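Undergrad: Input: one structure, supplied below.
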Amino acid sequence: MSLIQISQVSKQYENGFRALHPTTLTINSGEFTVILGPSGAGKSTLLRLLNGLETPSSGQILIANRQLTLENQRRLRAEIGMIFQEFNLVSRLNVMTNILIGRLYHRAWWESLFYLFPKKDYDLAHWALARVDLTEKAWNRASKLSGGQQQRVAIARALVQQPSVILADEPVASLDPITAEEIMKLLLEICKNDGVTVLASLHQVGLAFQFADRIIGINRGQVVFDGTAEQLWIEQDKLQTIYRREDGSLDESFNMEVALAQ
Amino acid sequence: MRALTWKWHWPSRNGSLPLSFIILLLTILLMLGSTASLVEVDLVRIFKSTGKLLGFAQQLITIPEWSYLPTLGTKMLETLEIAFLCTTLSLILSLPLGLLAARNSSPHLIVYHISRNLLSLMRALPEIVWALVFVSAVGLGPLPGVMALTFVTTGFMAKIFAESIEVVNSKAIESVAATGSNWLQLVTFAILPEAFPDLISTFFYIIDHNVRAATIIGLVGAGGIGYELVMSLRLFNYSRLMLIMLSIYLIVTILDRLSDQFRKRVI
């Protein structure tokens, strides 16, 4: 069943840079999809378009059959969890408050003003904390946590939104390889056990092969591959098209990424 | 090829000072040179007046009028009260004004420009001028002092708040926005917590400033220790003057230390 439908969506920034050429894609419910490509390929732009952090220059986006517009943007955002490369927590707030931020859409203005949350929100937050294995850090300041722990908090914040989909924009790019794999495993687990669709952008081929149900290869703002990890593994030339530069040479990261993957 | 071989070089492409920096330095020197005569900065005159200044200092070395202490205490308390009251009132006014006057938190560009202009207007004249205006409006006493000081302080505090808010990590704001939060929630859960250390620093700086400002506006009859200060000066009552100056120095120093301690704990 399709959860996200992107029809002819493109993005051109004010400085004239075309980050995404008209693209049509369908993301299926319950799948772990990886958007793979080198830096600057348009992966972040695609993800940011899906929850309205960027507005498309053309085309339309449907999420659970509702069109993403300025009017229903907040409502749809509340149903979409988003995690970022640099975690983007509110560093001076404690872990619990950072997680409760995921419930803000459901809180009245006066509750937000006085930092008041009902018990059911706390129950959800405790459940999410246990899910990411950080129960003992609930009252620590977010800035005191390691990178991996901060990303787990960000995942917990997304979980309390009770989302239908989690958008992960380079979720492990700022982490060491071991922590990166842990975070990817956690996301996969959330996808498979909790039925949350995960759409993650990555530049590491190895991680994509290891975790993705489906890989969407993107290069210079265009989708150049769409299929399973096995298909990409067999068609190595497709892998090269993902990493091919405008002048025909391969992106520096390609050899390293492939070596790591093998 | 370099014409001169120096042992030291500046960290620029050709090892010399950037041209823009040299121009800036020359401009400042030129401005200083041309304005010195305008404002009668005259080294000879300053040197000649040293004797008089020392004479004044000598007058201050006298037996303090201890019986004056209770009055001094009351007046000092009044000045402190004015300072604290004004700072608190300004804080309450500055938070919303600062949010409206910061590019990243203002709900609309028009609101931003209106708030910025309003704040400039409030800061345009010094406290003492506003105090004179309010004294003629509501009469002598602490009230016009409070009004004047609150007015000007709000102009300053809100401007500094706005600038602190503008440098808040935009990624934190974005991630809170990505959960479907509204404007108020962005302010309370991202902008204010991230700007908090700067806001506290500003608050303490303003208290410090306001204790001194509250003294000055006392000069025009707006209550507090300032009025005592100017009367003692006019009547050549050095045994009082000395006590007054000493007490102002003490209070400012104590406040400085207290705010330092508090800031360390909070930040």
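Each value in this text was obtained by applying a stated rule to the coordinates, not by laboratory testing. Small disclaimer: the values here were computed from a predicted structure and weren't measured. Glycine gets a Cβ as well: all are built from the backbone with ideal geometry, and neighbour counts include every protein chain shown.
Undergrad: Going by how many other beta carbons lie within 10 Å of each one, how would you line up A:237, B:208, fewest first?
TA: Fewest-to-most ranking of A:237, B:208: A:237, B:208.
Undergrad: Separate question: Between residue B:46 and residue A:55, take the C-beta separation as r, use R0 = 60 Å, and let me know the FRET efficiency to the nearest 0.05.
TA: 0.40
Undergrad: Then there's this: Write out the chymotrypsin sites (Phe, Trp or Tyr not before Pro) in segment B:219-258 meeting two conditions: DSSP loop, and at most 16 other Cβ atoms within 10 Å of their Cβ.
TA: B:236
Undergrad: Which of rounded, prolate, oblate describes segment B:216-255, given a ≥ b ≥ c as roots of the alpha-carbon gyration tensor eigenvalues and a/c under 1.5 marking rounded, otherwise prolate only if a/b is larger than b/c?
TA: Oblate, because a/c is 1.5 or more while a/b does not exceed b/c.
Undergrad: Would you calculate a helix-derived [θ] at 222 nm for chain B, using -39,500 (n - 2.57) for each DSSP H run of n ≥ 4 and dividing by the full residue count, to the nearest 500?
TA: After summing the helix terms and dividing by residue count, I get -24500 deg cm²/dmol.
Undergrad: What does the charge count around residue B:191 come to, taking other residues whose C-beta lies under 14 Å from its C-beta (Lys +1, Arg +1, Asp -1, Glu -1)?
TA: Net charge in that neighbourhood comes out at -2.
Undergrad: With respect to the cross-link table entries A:119/A:144; A:144/B:264; A:43/A:238, which display a Cα-Cα separation exceeding 19 Å? Present the calculation step by step, with values, prior to reporting the outcome.
TA: Details: A:119/A:144 26 Å; A:144/B:264 17 Å; A:43/A:238 17 Å.
Among A:119/A:144; A:144/B:264; A:43/A:238, the Cα-Cα distance tops 19 Å for A:119/A:144.
Undergrad: Once the Cβ-Cβ distance between residue A:133 and residue B:170 is put in as r, and R0 is 51 Å, what FRET efficiency do you end up with, to the nearest 0.05?
TA: 0.95
Undergrad: In segment A:85-159, which chymotrypsin sites (Phe, Trp or Tyr not before Pro) fall in coil by DSSP and have 11 or fewer other Cβ atoms within 10 Å?
TA: A:114, A:139
Undergrad: Could you please tell me the mean projected area of the C-alpha convex hull for segment A:107-178, averaged over all directions and given in square nanometres to one decimal?
TA: Taking a quarter of the hull surface, the average projection is 6.1 nm².
Undergrad: What are the equivalent ellipsoid semi-axes of segment A:126-262, built from the alpha-carbon gyration tensor (square roots of five times its eigenvalues), in whole angstrom, biggest first?
TA: After scaling each eigenvalue by five and taking roots: 31, 16, 12 Å.
Undergrad: Counting only DSSP beta bridges with both residues in the protein assembly as shown, what percent are antiparallel, rounded to the nearest 5?
TA: Values: 21 of 39 bridges.
The answer is about 55 percent antiparallel.
Undergrad: If I model chain A as equal point scatterers sitting on the Cα atoms and use the Debye formula, what is log10 I(q)/I(0) at q = 0.11, 0.12, 0.15 Å⁻¹?
TA: These q points yield log10 I(q)/I(0) values of -0.61, -0.72, -1.10.
Undergrad: Further question: Determine the distance separating the Cα centre of segment A:149-192 from the Cα centre of segment A:196-227; give it in Å without decimals.
TA: 16 Å
Undergrad: Straight-line reach from residue A:11: which aspartates and glutamates have Cα under 16 Å away, leaving out those fewer than 8 places along the same chain?
TA: Residue A:11 reaches A:54.
Undergrad: Still on this structure: Checking the a/c ratio against 1.5 first, then a/b against b/c, what shape does the Cα gyration tensor give for chain B?
TA: Values: a/c = 2.07, a/b = 1.19, b/c = 1.73.
Taking the square roots of the gyration eigenvalues as a ≥ b ≥ c, chain B is oblate.
Undergrad: On to the next question. Pull out the extension gain between residue A:222 and residue A:123, defined as 0.36 nm times the separation in residues minus the alpha carbon to alpha carbon distance; nm, one decimal.
TA: Gain on extension, residue A:222 to residue A:123, equals 31.4 nm.
Undergrad: In addition: At 7 Å along Cα-to-Cβ for each site, give me the label-to-label distance between residue B:7 and residue A:12 in nm.
TA: So the label points at residue B:7 and residue A:12 sit 6.0 nm apart.
Undergrad: So, in nm, how far is label residue B:39 from label residue B:71 when the simple model puts each one 7 Å beyond its Cα toward the Cβ?
TA: About 3.6 nm separates the two model spin labels.
Undergrad: A further question follows. Give, rounded to the nearest 20 debye, the magnitude of the charge dipole that segment A:149-238 has about its Cα centre when Lys and Arg contribute +1 at Cβ and Asp and Glu contribute -1 at Cβ.
TA: Working: 7 positive and 12 negative charges, 48 e Å.
Its charge dipole is roughly 220 debye.
Undergrad: As an exercise, identify the chymotrypsin sites (Phe, Trp or Tyr not before Pro) in segment A:4-77 lying in DSSP coil whose Cβ has no more than 16 other Cβ atoms within 10 Å.
TA: A:13, A:17
Undergrad: Compute the Rg to Rh ratio over segment B:185-256 from the alpha carbon atoms, using the Kirkwood formula for Rh, and round to two decimal places.
TA: For segment B:185-256, the value is 1.25.
Undergrad: Tell me the label-point distance for the pair residue B:103, residue B:53, using the 7 Å Cα-to-Cβ offset, in nm and rounded to one decimal.
TA: 4.3 nm
Undergrad: If you don't mind, there's one more thing I want to ask. With unit charges on the beta carbon (Lys/Arg positive, Asp/Glu negative), name the residue among B:186, B:245, B:10 whose Cα is farthest towards the positive pole of the charge dipole of the protein assembly as shown.
TA: The residue sitting most towards the positive pole is B:245.
Undergrad: Evaluate the charge dipole of chain B about its Cα centre and quote only its size in Debye, nearest 20, assuming +1 on the Cβ of each Lys and Arg and -1 on the Cβ of each Asp and Glu.
TA: Dipole size: approximately 740 debye.
Undergrad: Could you work out the Kirkwood radius for segment B:63-128, taking every pair of different alpha carbons, averaging 1/r and inverting it, reported in Å?
TA: 14.7 Å
Undergrad: Between residue B:117 and residue A:233, take the C-beta separation as r, use R0 = 60 Å, and let me know the FRET efficiency to the nearest 0.05.
TA: About 0.45, to the nearest 0.05.
Undergrad: A follow-up question, please. Quick check: net charge around residue A:47, other residues with Cβ under 14 Å of its Cβ, Lys/Arg +1 and Asp/Glu -1?
TA: Spelling it out: positives minus negatives among the neighbours equals 0.
Undergrad: Counting pairs of Cα atoms in the protein assembly as shown, how many percent are more than 36 Å apart? Intermediate results must be reported in sequence, preceding the final value.
TA: Numbers: 74345 of 139656 pairs.
The share of Cα pairs beyond 36 Å in the protein assembly as shown comes to 53 percent.
Undergrad: Can you tell me the mean projection area, over all orientations, of the convex hull of segment B:147-239's alpha carbons? Units nm², please.
TA: Answer in nm², one decimal: 7.6.
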